[in-house]
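The values are calculated or read from the model by the stated rules, or taken from the named source; none is laboratory data. Since the structure is predicted, the reported quantities are computational estimates derived from the model, not experimental observations. Methodologically, a virtual Cβ is constructed for each residue, glycine included, from the backbone with ideal geometry; neighbour enumeration extends over all protein chains shown. Note: areas computed on protein heavy atoms with side chains; ligands, DNA, RNA excluded. Shrake-Rupley method; radii C 1.70, N 1.55, O 1.52, S 1.80 Å.
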Amino acid sequence: MAHVRKPLIYATALNTGIVVAEAIAGYHAHSLSLLMDSVHNLSDELALVSLCLAYLLPLRLSRDLQRSANLLNSAGLIAISGLLVWQALARLMAPTAVLGTFPVVVGLLAAVGNGGVARLLRDVRDQNPAIRLAYLHNLGDVYVSLAPVAAGVLVTVSGQSLFDPLMALLVALWLIATTVQEIRSAGDALLWPEDAVCGHDPLPVHELV
Ligand SMILES: [Zn+2]
């Protein structure tokens with residue numbers, strides 16, 4: 001199954017780069033929209049790590065691990081997003097100067113990075129519904145990463161830093177809504193890939209006779 005594991009590991013590594021770059025740049029530029037997209041990509045990171053584990057660990061172990069990890073991750077994500085909503089509201093009332101060029105440049109790089117993650121997953125998307133879901137999600141994330149870009153452009157053009165917390169607020173509310181929806185729908189087959197099998201494996205004997 002190396003041909004499935006490799007693109008999954010590369011995609012996870014690339015996504016890690018996006019999370020770290022956005023977190024560092026967001027911190028230095030005082031850009032909440034960039035920090036928020038970093039948190040959003042961190043949520044995708046957890047999904048990608050789960051997929052990697054599903055293909056690396058024995059089935060039962062990876063399934064049990066992912067069940068508990070998924071719940072913890074979702075709760076953690078909602079908590080971090082809530083904290084950023086709080087920060088964004090505080091910033092809206094008392095604006096802080098934001099370096100607009102940072103969210104523009106790093107947001108564009110994140111969009112390209114998310115496109116790269118989707119490209120890596122594209123070749124193996126037919127292996128498993130969870131990989132297909134991650135592929136489609138990261139394809140959509142190319143546009144989500146443009147949120148800090150839009151915030152940076154608006155801040156630079158208008159000279160008003162409030163566009164940055166405003167955009168962070170939108171992304172945070174979207175992330176909270178989608179995470180809650182995911183917990184509620186709890187589509188077992190999609191959340192915990194039970195059949196982490198490879199399409200190229202030989203058929204079981206009883207199916208051959
Ligand atoms: Zn995402």
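Go through Leu121, Leu34, Ser74 and say which Cα lies farthest out towards the positive end of the charge dipole of the chain; charges sit on Cβ, +1 for Lys and Arg, -1 for Asp and Glu.
Leu34
So what's the net charge close to Asp44: Lys and Arg +1, Asp and Glu -1, counting the other residues with Cβ under 11 Å from its Cβ?
Residues near Asp44 contribute -3 overall.
Please get the size of the charge dipole for the chain, origin at its Cα centre, with Cβ charges of +1 on Lys and Arg and -1 on Asp and Glu, quoted in debye to the nearest 20.
180
Among Arg125, Arg184, Arg63, which one shows the biggest mean-square fluctuation in a GNM of the chain, springs joining Cα atoms closer than 10 Å?
Answer for the Gaussian network model of the chain: Arg184.
In whole Å, what is the distance between the alpha-carbon centres of segment 5-43 and segment 90-158?
The distance from the Cα centre of segment 5-43 to that of segment 90-158 comes to 9 Å.
Give me the net charge of Leu175's neighbourhood, meaning all other residues with Cβ under 12 Å from the Cβ of Leu175; Lys, Arg count +1, Asp, Glu -1. Write out the running numbers ahead of the final one.
Values: positive: none; negative: Asp37, Asp44, Asp141, Glu182.
Here the charged neighbours net out to -4.
Which helices of the chain meet both criteria: a Cα extent of 15 Å or more along the helical axis and a mean Kyte-Doolittle score no lower than 1.0, with helices taken as whole DSSP H segments?
32-56, 101-122, 146-158, 163-185
Given the whole protein assembly as supplied and a 1.4 Å probe, what does the accessible area of Leu56 come to in Å², nearest 10?
Ignoring ligands and nucleic acids, Leu56 comes out at about 90 Å².
How much of the accessible area of the chain, in percent, comes from carbon and sulfur atoms when a 1.4 Å probe is used?
Here carbon and sulfur together make up 70 percent of the probe-accessible area.
Considering only protein heavy atoms, what per residue accessible area in square angstrom results for segment 79-160 with a 1.4 angstrom probe?
Heavy-atom SASA per residue in segment 79-160 reads 51 Å².
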